[in-house]
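Working notes, beginning with the structure itself.
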Ligand SMILES: Cc1cc2nc3c(=O)[nH]c(=O)nc-3n(C[C@H](O)[C@H](O)[C@H](O)COP(=O)(O)OP(=O)(O)OC[C@H]3O[C@@H](n4cnc5c(N)ncnc54)[C@H](O)[C@@H]3O)c2cc1C
Ligand SMILES: Cc1cc2nc3c(=O)[nH]c(=O)nc-3n(C[C@H](O)[C@H](O)[C@H](O)COP(=O)(O)OP(=O)(O)OC[C@H]3O[C@@H](n4cnc5c(N)ncnc54)[C@H](O)[C@@H]3O)c2cc1C
Ligand SMILES: Cc1cc2nc3c(=O)[nH]c(=O)nc-3n(C[C@H](O)[C@H](O)[C@H](O)COP(=O)(O)O)c2cc1C
Ligand SMILES: Cc1cc2nc3c(=O)[nH]c(=O)nc-3n(C[C@H](O)[C@H](O)[C@H](O)COP(=O)(O)O)c2cc1C
Ligand code: FES
Ligand code: FES
C-alpha cells in the first residue's frame, strides 16, 4: 500500500489533493467521490451575503479562464445553517475560505466558524472593491488580518496569497509571524479581457482573475519562492491539471496542492490525479510522499 | 486605401506591428517581407559580448513558452560592424534593445548607438544575474537608467518594463520623468519549470521568462494600467497572436504592438496580422487607426 | 447521475446554417430529461480550455444529437469534426422541467434546438419560429407531423418572431409558453406577452465555467437576486428574469 | 527559401517502434538539401504551442516523409494523426551539408532518420546501427540494397552502438563519419573515436523556439563558444562539440 497522507497544520490529510475554493459546490457529489479527496475548501464566505458581480463572470482565455465572480455567497450564518451539515457528510477534511472587507469583519466571521478542519484566509481575490488583493498586497495588513483571525479561532489558519504582491515572500513571512500555520500560493493573477465588438472590458469590474494551466509556471515560481524562504508548509495552487504538475509542485516545495479550474475541463481530474500519483509511486518503488520528495533533496 | 500609420516618439511607423526583441534575427528575411512591417527591435545588446545561459534555454508551457536565453549577443561593437549594415537594408524602422549590468554600462552603450530609429531600454529581462528585472522593479533605478540613456543619445528612447514590478505605473512614471518618450509593456513574466525526471528546475538559472498567449490577459492588464495613468505612448507586448488580440491592445490603450513568441508557431503572423487589420478596417468602414480606436473613446 | 466521458462522433451533417453532430452513447437516453443540456469539449488539448454548453436536440438509444451554430472558436471546431473524432461529454446538466402535454414554443434562430427536444416530450402544440432567412427554418415538416402547428417568420421577408407573436397574441391565452432565442428577443417578448407571463418560461444562456453549480459564473438576474443557469435553470419563469 | 505552409498528411504507418508520416508537398524536393530538417506543428490550437523539429527521412516529388519516435505530447499527437489531417510545416531549415560519396554512418535509435536521409545522397558506405531491441532495427535491407554494409547491435542482446564501433575501430580510418543518436552515445563515441575526429560529424538536438536563428535557444557548447543547432547545425564537427 502506498501511503499518500500528508501532515500539516496539525492535521493529517489522506492525500495531498485538495479541491480549491470557488470552483466546486455540493452538486459535485453527483460526479466526484469526495471520500477519496485529501480535503476541500469551500467557496469564499463573508459575514453578510454577497450578490456577486453582474454577468458575464467568466470567459475562456488561452489555456485557462478568467473570472469576475465577486465572491457571491450566502454569508456565514446561512452557510452554517444550510450548507455546513451537508459538508460534514462529505467524508473529507473541510476548510472554509473566508473573506472580509475590514479586519473587524475578518474577526467576526472567524468567531462564527465551527465544526470544520481549518480556515483559509482569502486576502487575494482580485474581484472585489475592498479587501481581497488590497489586503494581500500589503505585508502589514496581511499581518493584521491573520492575527485577527487567529485570535478568534482555535482552528488551523491557512492564508491564501496573491501573486500580485510586490514581494510574496515578505507577505508570507508576515502571515507566519501573525500565527498562520500554512500558506496557500497562489490565488488568481489579475488580468483583462476586452470585448472587441464593444471595445470595452468584458467584465464590469474591468479586472478579472486568471487561472488554469496558463498560469502554472508563474504560480509554481511563487511557490518556489515562498517555500524556499518561509518555514511553514505551502499549499500549491495554480494551473495544476495532472499528476506531473503535482510532482512539479512537490519538487518546488509544496506540501499539498489545490485543484481549481481543471475541474471545469475535467471534473474527474481530482480522482485521476490521486490514482496517478499512486501509480507513479508504485512504479518508482516509493511507498510514501516523503520518498517522492526525497528524490530532490537527497 | 486604409492608412495604418502610427506616430510616436517623433517617428511615423507605416503600421503598428513591430517585431519584438529576441525572437528574430536576420535569417527571418528568408520568410518575412520586412518592408511590410511597422518596425523591428533587435535582440538585446550589451556593451561586451555575452555567451548566454547553458542549454536548455527554452521549453514549451501551456499556450506559451518559457526561456532562459540570458541575453546572448555579440556586443555593440561587433553588432555595429557586422549586423547594423544589414539591418539598415531591411526597409523598416529599426530599434535597438539594449541591456546593461550597471548605469554606467547603459551610458556607454547608448553613446555607441547610431543610424537607427530609436532605442528600447531593457530593464526587464528575468534571465540575468544583474540588471534586467532588478533595475525594472525599482522606480528609482528605472529613472536613473532612463536618464543615463537619454543623456547619451539624441534618439527616441523607449523603456521596456517588467510585469514583476510591484506597481508598474510608478515605474512608468519614473521613466517618463527621466525622458522616455514611450513605454513597452511588458517583457516576460518570471516563471519556473521543473523537470520531473530529475526533480530539479529545467533551467540552470531556475527562473525563466514566460511569454506567448498564456500571458495575454495579464500583459493586457498591465498595458491598461500604464496607458490609463501615464502620458506617453504605450507599445503593447505579450501574447499577441492575431488581429483580434491587436484590437484588444488598442482598446486597452496601446499605440503600437510587438509580436514575440507568435513567430515561433507562425512566422508569417506579422504579415497576416497587418493584412487582417486592413481587412477589418475596410469591413467596418474605418480609414485609419484613429477611427478604430475611436469606437471605444466615443 | 452526471457522467463525464469521452465519446465518439458518429455523424456530422450540415443542417441549414447549422451542424448536426450525433454522438454515440447508450446511457444518455436513460439519464437525460426534458430541459437539460450537456457540456462538450476537446480531449488532448488545453486549448480551447472550457467545455461548451449545448442543448440536446434529440436522444436515441444508441446516441444523442446536438445542433450547433458557429459562433466562435469552439463551435467552429465542433462543426469541423469527423466521424470517429472524440469529445468530452459532461451531463446531463441543468434542472429538468416537466413538459406540458401541449403548449406554445417560441424559437429564435438556434433557439430551436432545446425546443425541438422539448417538443419530443409533448403531444401537440404551436411553434412560433423566427430566423434570419427562409432557408434557415428547420424541422417544419417534422413538427407538423408530430401534431404541431408551425408559424414562421424571417427577417429577410417580414420581421422577427416578436412581431409574429404580437400578431397572434390571442393564441397564447391560457397556454404554457416556452421561449428560446437571443437576449434581445427575450426582452422584446417579455414586454409583449406581459399579461401571459405567469405561464411563460424561458431557456437562458450564460457563459459557464463548470456546468455543475460550482463556480457561480452563469448568473441570471432575477427578481429574487442572481440565479444560476446550470443549477436553477436553464429554464426560468419569464417573469422572474430581470432586464434592468 | 524557407516556407511556412499547412500541408496534409497522406500516410501514417507504424514502423517498428516509430511512426512514419508522409506529407503531401510538391515543393520540398526542390528546396531541401542533405542535413536539413523541418519544424512541424498543429494548426488551429495554441496547445501544443511550439513546432517540433524533425529530420527528413526521405523526399519524393509529391511528398516527404518523417520518422517519429514518441517522446512527449507533441510526438504522441503526431503519431495519432489520420490521413487528411493537416500540419504546419516550416522548412527546410538548418545548414545543409555536402554528403560524401561514401562514408560511415553511426545511428542510435531514432538517430536513424537523418542518417537514412543522408544515405540517399550517398552511393555506398557502412552503417553502424544500435537499438534497444532487435525488432527496433529498421531499413537494414534497404540500406544493403543501396550499397551499404550494415552492422547492427541491440542492447537486449549485446550492447550499445559505442561497443559496436569500439570493436570495429579500424574500419573508421580515413573515412568521413556521421553520427546521430542520444547525447550519451555521442559523448561515448567522442571518447572512443578521438583519433578519427577530424573527419567525424554529429547531428545535434536541442530544444528549439524558432528554427530560424532568431531566438538563440538551440545553443550547443563548442570549443569556440555557443553555436546554434538551427543555424550553424544541425551537423557539427564532432571535435568542436564540448561536453564539459
Ligand atoms: C444551456 C445552454 C444551452 C445551449 N445550447 C446551444 C445549442 O443547442 N446550440 C448552440 O449552437 N448553442 C447553444 N448554446 C450556446 C453555446 O454554448 C455558445 O454558442 C458556445 O458556447 C460558443 O462557444 P464558441 O467557442 O463558439 O464561442 P466563443 O465566443 O469563442 O467562446 C468563448 C467562451 O464564451 C462562452 N460563450 C460564448 N457565447 C456563449 C453563449 N451564447 N452561451 C454560453 N456560453 C457562451 C463559450 O462557452 C466559451 O467559454 C447554449 C448555451 C447554454 C448556456
Ligand atoms: C534538428 C532535429 C531533428 C530531429 N529529428 C527527429 C526525427 O527525425 N525524429 C524524431 O522522432 N525526433 C527528432 N528530433 C527530436 C524531436 O524534435 C523531439 O523528440 C520532439 O521535439 C519531442 O517533442 P514532444 O512534444 O514529443 O516532447 P516534449 O518533451 O513534450 O516536448 C516539450 C518541448 O521540448 C522540446 N523537445 C523535447 N525533447 C527534444 C529533443 N530531443 N530535441 C529537440 N526538442 C526537444 C519539444 O520540441 C517541445 O518544445 C529532432 C530534433 C532536432 C533538434
Ligand atoms: C470561478 C472561480 C472562483 C474562485 N473563487 C475563489 C474564492 O471564492 N476564494 C478563493 O480564495 N479563491 C477563489 N478562486 C481561486 C481558486 O481557488 C484557485 O486558487 C485559482 O483558480 C488558481 O488555481 P487553478 O489554476 O487550479 O484554478 C476562484 C477561481 C475561479 C476560477
Ligand atoms: C526567446 C526570447 C528571447 C527574448 N529576448 C529578449 C531580449 O533580448 N530583450 C527584450 O527586451 N525582450 C526579450 N524577449 C521578450 C520579448 O521581446 C517579448 O517582450 C515577450 O516575449 C512577450 O511577448 P510575446 O508574448 O509576444 O512573446 C524575449 C522573448 C523570448 C521568447
Ligand atoms: S457554470 Fe458554474 S455555476 Fe453555473
Ligand atoms: S531555434 Fe531559435 S535560434 Fe535556433
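Laid out as a table, the results:
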| quantity | calculated |
| --- | --- |
| Output for the stretch A:131-168, where each listed residue is closer than 24 Å to residue B:137 by Cβ and part of a helix (DSSP H, G or I) | A:133, A:134, A:135, A:136, A:139, A:140, A:141, A:142, A:143, A:168 |
| Whichever residue in the stretch C:215-229 is in contact with a strand residue (DSSP E or B) (Cβ under 8 Å, 6 or more places away or on another chain) and assigned to a loop (DSSP other than H, G, I, E, B) and, among such residues, is farthest from residue A:69 (Cα to Cα) | C:229 |
| Residue within the stretch D:42-54 that is farther than 30 Å from residue D:193 by Cα, free of Cβ contacts under 8 Å to residues at least 12 places away in the same chain and either loosely packed, with under 15 Cβ neighbours inside 10 Å or assigned by TED's automatic domain parsing to the domain that holds residue D:235 (or both) present | yes |
| Which numbered condition residue C:214 fails, given (1) facing chain A (nearest Cβ under 9 Å); (2) touching a residue at least 24 places away in the same chain (Cβ under 8 Å) | (2) |
| Checklist (1) surrounded by 22 or more Cβ atoms within 10 Å (Cβ to Cβ); (2) within 12 Å of ligand 1 (Cβ to nearest atom); (3) free of Cβ contacts under 8 Å to residues at least 40 places away in the same chain applied to residue C:72, failing item | (1) |
| Answer from C:181, C:233 - the residue that is within 14 Å of chain A (Cβ to nearest Cβ) and either in contact with a strand residue (DSSP E or B) (Cβ under 8 Å, 6 or more places away or on another chain) or away from ligand 4 (no atom under 16 Å from the Cβ) (or both) | C:233 |
| Filter pass, residue B:263 being buried (at least 17 other Cβ atoms within 10 Å of the Cβ) and either more than 30 Å from residue B:125 (Cα to Cα) or out of contact with any strand residue (DSSP E or B) (no Cβ under 8 Å at 6 or more places or on another chain) (or both) | no |
| All strands (runs of 3 or more DSSP E) inside the stretch B:177-266 with 1 or more residues being within 11 Å of ligand 4 (Cβ to nearest atom) and facing another protein chain (nearest Cβ under 7 Å) | B:189-192, B:207-211 |
| Conditions (1) more than 14 Å from chain B (Cβ to nearest Cβ); (2) under 30 Å from residue C:39 (Cβ atoms); (3) within 15 Å of the chain's Cα centre (by Cα): number failed by residue A:269 | (3) |
| All positions within the stretch A:228-240 that are out of contact with any strand residue (DSSP E or B) (no Cβ under 6 Å at 6 or more places or on another chain) and surrounded by 21 or more Cβ atoms within 10 Å (Cβ to Cβ) | A:230, A:238, A:239 |
| Members of the stretch D:217-227 found to be surrounded by 24 or more Cβ atoms within 10 Å (Cβ to Cβ) and within 7 Å of chain B (Cβ to nearest Cβ), listed by number | D:217, D:219 |
| Test for residue C:202: is it more than 16 Å from ligand 2 (Cβ to nearest atom), within 14 Å of chain A (Cβ to nearest Cβ), under 17 Å from the mean Cα position of the chain (by Cα) and part of a strand (DSSP E or B) | no |
| Subset of the stretch D:217-244 (residues that are under 16 Å from the mean Cα position of the chain (by Cα) and in contact (Cβ under 8 Å) with a residue 24 or more places away in the chain) | D:229, D:230, D:231, D:232, D:233, D:234, D:235, D:236, D:237, D:238 |
| Selection status of residue A:95, more than 14 Å from chain B (Cβ to nearest Cβ) and within 20 Å of residue A:156 (Cα to Cα) | yes |
| Residues satisfying the stated conditions in the stretch B:12-38, i.e. in a strand (DSSP E or B) and buried (at least 18 other Cβ atoms within 10 Å of the Cβ) | B:13, B:17, B:18, B:19 |
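One line per residue, one yes/no per condition, for (1) out of contact with any helix residue (DSSP H, G or I) (no Cβ under 7 Å at 6 or more places or on another chain); (2) within 13 Å of another protein chain (Cβ to nearest Cβ); (3) within 16 Å of ligand 1 (Cβ to nearest atom):
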| site | (1), (2), (3) |
| --- | --- |
| B:5 | yes, no, no |
| B:15 | no, no, no |
| B:22 | yes, yes, no |
| B:27 | yes, yes, no |
| B:36 | no, no, no |
| B:45 | no, yes, no |
| B:52 | yes, yes, no |
| B:72 | yes, yes, no |
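This table checks each residue for (1) without any contact (Cβ under 8 Å) to a residue 24 or more places away in the chain; (2) surrounded by fewer than 14 Cβ atoms within 10 Å (Cβ to Cβ); (3) in contact with a strand residue (DSSP E or B) (Cβ under 6 Å, 6 or more places away or on another chain).
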| site | (1), (2), (3) |
| --- | --- |
| D:87 | no, no, yes |
| D:90 | no, no, yes |
| D:99 | no, no, no |
| D:105 | no, no, yes |
| D:108 | no, no, yes |
| D:112 | no, no, no |
| D:124 | no, yes, yes |
| D:145 | yes, yes, no |
| D:160 | no, no, yes |
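Listed here are the residues, each with its yes/no results for (1) buried (at least 19 other Cβ atoms within 10 Å of the Cβ); (2) assigned to a loop (DSSP other than H, G, I, E, B); (3) at pLDDT 95 or above.
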position	(1), (2), (3)
C:171	no, no, no
C:175	no, yes, no
C:178	yes, no, yes
C:187	no, no, no
C:208	yes, yes, yes
C:212	yes, yes, yes
C:231	yes, yes, yes
C:239	no, yes, no
C:243	no, yes, no
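The values are calculated or read from the model by the stated rules, or taken from the named source; none is laboratory data. Computed from a prediction, not measured in an experiment: that's the story for all the values here. Backbone-built Cβ (ideal geometry, glycine too); neighbour counts: all protein chains shown.
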